[in-house]
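Throughout, read-outs are computed from the coordinates displayed, never taken from laboratory work. On a predicted model such as this, the values are computed, not experimentally measured, just so you know. Cβ placement follows ideal geometry from the backbone for every residue including glycine, while neighbour counts extend to all protein chains displayed.
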Amino acid sequence: MRRAGFLLAGIMVFAAPVAAGATGAPYIALLAFAGLFFLWSVLTRSPESGPLAPGTRAMFPVTIAIHLALASLLLGTGHMLRALAGIDAEVPLTAWLLVGLSGALLGRMAWPRGVSDGAADLAEAALKRLDETARQAAADRAAQGRVPPPDGGVALTQTDALEALPAGGNVTEAEIAAALARLEDTVTDIRLGPALLVRAETTGTPRDRLAAVWHVTDPGAARDATAQEVFDLVVATADVVALRLFASRAAALLTHDPAARQALPDPARLTTIATEIEALHPGEADLLTDLAGRIEDLRAEEEDA
């Protein structure tokens, strides 16, 4: 729904100068439409990357020039259509400016700032709202008798083999698997999950979140509550790449070991997150929905047995 609303808003903004030119607007109207395009970019971009952001002010003259050129092109297209189609109707310029302004405001309401800033921004707000219950859930699981996690310094020392990989997360699955295999020589399996979780929480790097996700969804890993805590961390940090890896590997894990469902997040939580990110991440949302359905099916099969 939001995607459709944003599309409609964009059509209203960029069709307005064409329609204005086709209904007799003077060429000087390009200044007004250039201002409209600038307003559109301000309303639909995040404060950190918009045209008024400190880091982009050096490009301000270029931005204005582009908006003027675009307004001139669209208004000129309207004038050409008026001449070719023999359109005699005249509509006040203010009417089309109101249409464009309404489109800009609709775009701001239909899609929060950041729609053009990439995948990270698009999921962050939705995923962080879902973190409100994560800390309480983690505290509840801490009382279930699993191995206590090491402190940050110990965890970093135990898992320092990961330092050889890029911190930004631009790593292959084979590289992660190889690094974790080296860790098994120094860290017992039952403690590796908690150590990787603490490391991911301490460093905050995509690499370490991916490593934690990889381990807790490994068919050969020890089963405890760490998988749910890793999932909570992924949600809290709005890491869409790690979220996709978790969902896909968890589904494969259930095929290998159906009993592993007990260590995975509750299907209701998976479904809630899928609903929140569906508009901007339909692929990841489908993976989470499928995973929730698989866990529900396994639970039903167990009850029927």
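Descriptive notes on the structure:
- Simple spin-label estimate for ALA83 and PHE60 in nanometres, 7 Å along Cα-Cβ: 3.7
- With 0.36 nm allotted per residue and the present C-alpha distance subtracted, the LEU70-THR275 stretch has 70.1 nm of extension available.
- The local environment of ALA29, defined by Cβ-Cβ distances under 15 Å, has a net charge of 0 under the rule Lys, Arg +1 and Asp, Glu -1.
- Taking label points 7 Å from Cα along the Cα-to-Cβ direction, THR172 and SER102 give a separation of 5.5 nm.
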